[in-house]
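As structure tokens, the structure follows; a few thoughts come after it.
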Amino acid sequence: MSYIHGYDPETLREIVDPAECRDRLAEIGQQRSLPALLERVWLLKVLGDLDDALTLSEQAVRLARMSGTRKDLLRARILHASVQHWRGAYAAAEYELSTCADEAEGQGWNSIAAFALQHRGKTRYDAGDINGARTDFKQTLFLRQEAGASDAELEPTMQCVEAADRKRHRSTIAS
């Protein structure tokens, strides 16, 4: 079941039903598996509980480093960086996402690279680097198309490109 009901066209953040997310958090409880930790981090993040999300994301990174695969570690680091982004630590998030994207691309893990670039694009978007965000979104779109993603799977990334174009256009008019 997807808890994402769309994306805000201006902020690019996920639209969720908070009650559904809280119910899922209660269902997961204190499970300590890496997938459960990562899901709890995401749920806490979208519910706005960023302090707990950050603490738990750091725990997930440590767990992935000790007992997960390299892919698991990259996913945990990307989620940790997305929490940093939401907390306003744009430079730290962008750096972490860049290293994750580089490593994933170097390994040929295009879906993970696309995941990192999508989040880096959102970080840059919020930090005001609209051209950098647009470049990341376009690269994400390319990687996902190469991986054979469906139109429905590409739609959120296309919405990000359009949002960056709108914001860029507005700033051009304002100048």
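Quick notes
- Looking at the chain, the accessible area is 51 square angstrom per residue; that uses a 1.4 Å probe and ignores ligands, DNA and RNA.
- The phi torsions of region 75-85, fed into the Karplus equation with coefficients 6.51, -1.76 and 1.60 and a -60° offset, translate into couplings of 4, 5, 5, 5, 5, 4, 5, 5, 5, 4, 4 Hz, rounded to whole numbers, with Gly and Pro shown as x.
- On the chain, 50 percent of the accessible area sits on carbon and sulfur atoms, based on a 1.4 Å probe.
- For region 1-97, trypsin sites (Lys or Arg not before Pro) meeting the loop criterion (DSSP other than H, G, I, E, B) and having at most 15 other Cβ atoms within 10 Å: 13, 32, 87.
- Full-extension gain in nm, residue 153 to residue 52, via 0.36 nm per residue minus C-alpha separation: 33.4 nm
- Cα long-axis angle, helix 34-46 against the chain (0 to 90 degrees, to the nearest 10): 50 degrees
- For residue 115, the solvent-accessible surface with a 1.4 Å probe is about 70 Å², rounded to the nearest 10.
- Residue 123 exposes around 0 Å² of accessible area when a 1.4 Å probe is run over every protein chain in place.
- Taken about its Cα centre, the chain carries a charge dipole of roughly 360 debye when the Cβ of each Lys and Arg holds +1 and the Cβ of each Asp and Glu holds -1.
- Charge dipole of region 26-175 about the Cα centre (unit charges at C-beta), most positive-ward option of 55, 159, 44: 55
The values are calculated or read from the model by the stated rules, or taken from the named source; none is laboratory data. What you see is a predicted model; the values in this text were computed from it and never measured. Cβ atoms come from the backbone with ideal geometry, glycine included; neighbour counts cover every protein chain shown. Surface accessibility is based on the protein's heavy atoms, side chains included, excluding ligands, DNA and RNA. Shrake-Rupley method; radii C 1.70, N 1.55, O 1.52, S 1.80 Å.
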